[in-house]
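Coordinate-derived values only; no laboratory data. On a predicted model such as this, the values are computed, not experimentally measured, just so you know. Using ideal geometry, Cβ is built from the backbone for each residue, glycine included, and neighbour counts are taken over all protein chains shown.
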Amino acid sequence: MAKAKAIFDEMNGFDGTVREGYRTLARWLKDTPSELLANRKSEAEYFFRRIGITFNVYGDAEGTERIIPFDIVPRILTTTEWAKLAKGLEQRVNAINAFIGDVYGERRIVKEGLIPEELILQNPAFQPAMTRIRPAGDVYVHIAGIDIVRDGPDGFYVLEDNARTPSGVSYMLENREAMMRLFPELFNRLKIAPVDNYTDNLLRTLRSVAPKGASSEPNVVLLTPGPFNSAYYEHSFLADKMGIEIVEGTDLFVRGNVVFMRTTEGPKRVDVIYRRIDDEYLDPLAFNPQSVLGVPGLMSAYAAGNVTISNAVGTGVSDDKAIYSYMPEIVKFYLGEEPLLLNVPTWRCREPQALRYVLDHLAELVVKEVNGSGGYGMLVGPHASKEQIELFRAKLIANPDGFIAQPTLALSTVPCFVDNGLAPRHVDLRPYVLCGSDGVRVVPGGLTRVALKNGSLVVNSSQGGGTKDTWVVEGDMTEAQFRSQSQSQSMGGS
Amino acid sequence: MLSRTADSLYWLSRYVERAENLARILGVAERLSTLPSAYAGTSSEWESAILTAACGPAFFNNYSEATRANVIEFIVASDANSSSIRNCIQTARANARAVRTAITTEMWEIINGCWHEVQKFKLKNIDPSQLARFLSVIQEASLRFDGAAYRTMLRTDHFRFQRIGTFIERADNIARLMDVKYHVLLPAEEPVGGGLDYFQWSAILRAVGALTSYNWVYRDNVKPWLVADFMILRLEQPRSLISSYENLNRQLDSLAERYGRQGQAQRLARATFAHLENQSIDELFQFGLHEFLTEFIAENNALGAAVTEQYLL
C-alpha cells in the first residue's frame, strides 16, 4: 500500500482486462446505447424520488431529506470472493461478541496484558451497568455493519466495525428492487444471489435472543426516536417488512420489571426491543434524565432478564478506533484462529514510537479521532492544507491517546454511469452481519457506497456520495465466451 | 395494535374528512354570495360559513368583520386557525407519516400528494379561479383517500379506527351545517318552491353533494322538511346522520367482537342510532330542530371522548 500504488478497478483490474463476474455486464454495457442507459438512469431517479417523496420528505419546519444518489451500474463480487469475505465477517463478529462479553465480564484480555485497561474503562461507550447484566444467549451484537475496502484482487480490509446501530440496510434492499425493475435482462443472464430475505433473517435473529420468560412467539418491536429522525424511513421500512410494531418511547412502559406496550386491547408484553436510539437515551432513570425518547425503568427490566435490547447496551466499546487496532489480536485471543479479514495498518498515537512516526509523516497519513465516526474529526494528509496539518500536529501532541493514524488507501474503483458516460469511481462496502443465539447470518452483498465526485475518496452521502446495488454472481461468461462474443460483435458490427 | 397507531389513524381520517367539509362549505358560500340579494335572502353567507366551520370565536378574535376575503383567508390557510384546510391537510399528513406502516401505500400517496399540491398554491389573497381549483383538489383528495382506505386496507382493527374517525367527523360536520341553516329549514309559511330560501335549501344539499340524489329519493321540489329528513333520518343518504351512526355501530361492534369486550363507546353509539331510528321528522320539528342538533352534537362529542378513553390512550 505504498503511496503511488496503482488503483485497482473491480471491473477492469489493473490492466484493463475484464475480470470474472463482470464479463456479462461489460458485454451488456458495451451493447447498450448510452441513451438507453441515460433513460434507465432517469427512471431510477423517478423510482427513488417516488419512494423518497413517499417517505423521506419532512414537514416544513424540518426541511427536506435529501435523496441519496443511486448509480445504475452494479458492483459485482463472485461467489468465491464472497464466500471468503463471508467467512471473515462471521469470524470477526464472533470475536467482537466474545470481546464485549469479556469486557463486561472477567476482562481476561486485560489480565493477560493484551489490551490496556484504560482503553476500556475510559472509553465513552463503556457502560458500567453492563458488568451486572448478561444478555440472552450471551450475544451482544445482533446486527453489525462491517465496513470493507479493497485495494486489489485479494486485498480486502476492514475499515471500521459498527456494533452500535448500523444503518443503511434499507438502501441495500431498495437498490435491489430498483435494479430488478430497471434491468430484468441482466437478472436473466446472471445468477444473482437474492438479498430480500434479510428482514426475514433479522426477525429470526431477534426472536432467537428473546428472554427465557418470553412466549414461543416472542413479541419483537422496533423502537424509533420518531418520524422526525432522519432514519425514520428505514425504521418504518424494516418494521413493515418484519411485520412488527414500530414504537416510540411513550408507547412503552415498565411495570414490575416487565416491559409493556400500550395497545387498543390494553397492555401487551414486549420481549425484544430492536432499538434505533442510542444507549444514552434508552432510559431516563439510568442514563440521560433529559431524554424523552426512552422508557423509564427499561434498564431494570433489562437487568432482570425480562427483555432483550438489541444491540445490547454498551456495544460501542468495540467501535472505538483504538480498540479496532487490536482486532487481529482479539480474533486470535478468543477464537484461537488467524484473522481472515485484514485490518488497515494502524499507528496508535498513544504509543510514543508510533506517535513519532505519525508526526513525521502527517502529510501522507490519515489521522482519525478514536471516538469519531462518520468522517468527522479526521485529517486526510495528502488532501490537507499546511494549516490543517499543523492544527492536527498540535492536537496530536496535546492528546496522543485520542488519535490513531493509517496510511492513505488506494481504494478500489467500479465504473459508474456519470454525465459523460462510464467512469471509475471509488467505492467501499458495508455488509450486514446478523448474529443470534442460533448462529450468524449474512445476506450476500451489502451496501456499496460510492464517491461520485471524480477522484474523491469520500463515500459519505453528505459529501457527494451515492450508492450502488451489490451483486454476488454465479455463472458469468467464461473468458473464451467473452472473447469470441467480443470478436464476432466487432466483425459483424454495422 | 398500538394505541398511538389507532389514535393517529383516527385523527388522520377526521382531518381528511374535516378538510373536505370545509372545502364544501366554502364552495357553497362562494356560490350563494354571488347571487343577487333578492335570491339569496338577507343572511350573510360568509358569517354562516364561519359558524358552520365551528371557528366563530377564533375568527372574531382576528377579524372584525366576516367579509369574503377574511373568511376565505381564515378557513383556507390562516395560521391562527388550527383547523384551516391547510392545517387539516398538514395534520393529516403528520398523522399518516407517524403511522406510515399502518396505512397502505395508496392512502399515503394520496395524502402526501395532496399536501405537496397544497404547498404549490399561493393561498394569500387567492383569486376565485384558484380558489375553485384549490377546493376541488381537497375534495378530490378526500374522496380518493376514502376510496383507497375502503379498497386497500386489511379489514383489521386498523380499518375500524380509520372508519370511526371518518364517521364521527362527518356526523359532526353535517350536524353543524344543518344547525347553522336551521332558521332556514324551519317550515315557516313560505311559498313552496321558487321562494327566497330555495337557494339556501339547495345549498345544503349541494354542500354534501346530494342535490341530485334528493330528486331521486323525493321526486319533489326542494322542501325544507324533506331536506332535514334526508340529511338526518334517511339511511339511503350516505352522509346523513343516521348513516354515519349505522356505520359507527358496525365498526364499533366489530372491534368489540375482535377484542372480546365492549364498553361505553358501543353503548353510546347504539343509543344514538336507536334515537335516530325511532324519530320521525314531524316529531323532530316539534322538539325543535336546533335543540335536536345541539343535543346530537353533544352526544357525538361524547362518543368521540369514549372512543379515546376506551382505545386511544
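A few remarks follow.
- Per residue of B:250-260, other chain Cβ atoms within 10 Å of the residue Cβ number 1 on average.
- Cβ crowding within 10 Å averaged over residues, with A:127-135, B:87-95 ranked highest first: B:87-95, A:127-135
- Given charges at beta-carbon only (K, R positive; D, E negative), |dipole| of the stretch B:22-181 in Debye: 480 debye
- Short-range pairs are left out: with C-alpha atoms under 8 Å and at least six residues apart, the relative contact order of chain A is 24 percent.
- Over 23 Å (Cα to Cα) - which of A:LYS321/A:LYS395; A:LYS87/A:LYS212; A:LYS30/A:LYS87; A:LYS212/A:LYS321 fall in this group: A:LYS87/A:LYS212; A:LYS30/A:LYS87; A:LYS212/A:LYS321
- Of the residues A:ASN162, A:PRO194, A:LEU252, the one whose Cα sits farthest towards the positive end of the charge dipole of the stretch A:151-265 is A:LEU252 (charges of +1 on Lys and Arg Cβ, -1 on Asp and Glu Cβ, taken about the Cα centre).
- Antiparallel DSSP beta bridges within chain A, percent to nearest 5: 70 percent
- For a straight C-alpha distance cut-off of 12 angstrom, the aspartates and glutamates reachable from A:LYS191 (same-chain residues fewer than eight places away being disregarded) are A:GLU474, A:ASP476.
- Assigned charges on the beta-carbon of Lys, Arg, Asp, Glu; the stretch A:115-260 dipole about Cα centre (debye): 440 debye
- Cα-based shape type of the stretch A:186-336, given that a ≥ b ≥ c are square roots of the gyration tensor eigenvalues and the cut on a/c is 1.5: oblate
- Whether chain A is rounded, prolate or oblate, judged on the alpha carbon gyration tensor where a/c under 1.5 counts as rounded: oblate
- Burial order of peptide ranges B:112-118, A:276-282, A:182-188, A:431-437 (average beta-carbon count within 10 Å, highest first): A:431-437, A:276-282, B:112-118, A:182-188
- Cα coordinate range in the stretch B:108-172, projected on the principal axes (Å, largest first): 43, 27, 15
- The distance between label points at A:GLU387 and B:LEU235 comes to 8.1 nm (points 7 Å beyond Cα on the Cα→Cβ vector).
- Residue (of B:ASN173, B:ILE103, B:ILE50) at the positive-pole extreme of chain B, dipole from beta-carbon charges: B:ILE103
- As a calculated quantity, the FRET efficiency between A:LYS87 and A:GLU329 at R0 = 30 Å, using C-beta atoms, amounts to about 0.95.
- Rounded to 10°, Cα long-axis angle of helix A:479-492 versus longest principal axis of chain A: 40 degrees
- The mean sequence separation of alpha-carbon pairs under 8 Å and at least six residues apart, normalised by the residue count of the stretch A:257-345, gives a relative contact order of 23 percent.
- Peptide B:1-10, shielding by other chains (average Cβ, 10 Å cutoff): 5
- Estimated dipole of the stretch A:216-372 in Debye, rounded to 20 [Cβ of Lys and Arg +1, of Asp and Glu -1, Cα centre]: 220 debye
- Against the main long axis of the alpha-carbon atoms of chain A, helix A:34-56 sits at an angle near 20°.
- Of the DSSP H helices in chain B, those whose Cα atoms cover at least 24 Å axially and whose Kyte score averages 0.5 or more: B:289-307
- Overall form of the stretch A:406-483 per C-alpha gyration tensor (a/c, 1.5; a/b vs b/c): oblate
- For B:98-105, mean number of other protein chain Cβ atoms within 10 Å: 5
- Taken one residue at a time, the phi angles of the stretch A:316-332 give Karplus couplings (6.51, -1.76, 1.60, θ = phi - 60°) of x, 4, 7, 7, 4, 6, 6, 5, 3, 5, 8, 4, x, 5, 4, 4, 5 Hz. Gly and Pro are set to x.
- Antiparallel bridge percentage (DSSP; both residues within the stretch A:180-310; nearest 5): 45 percent
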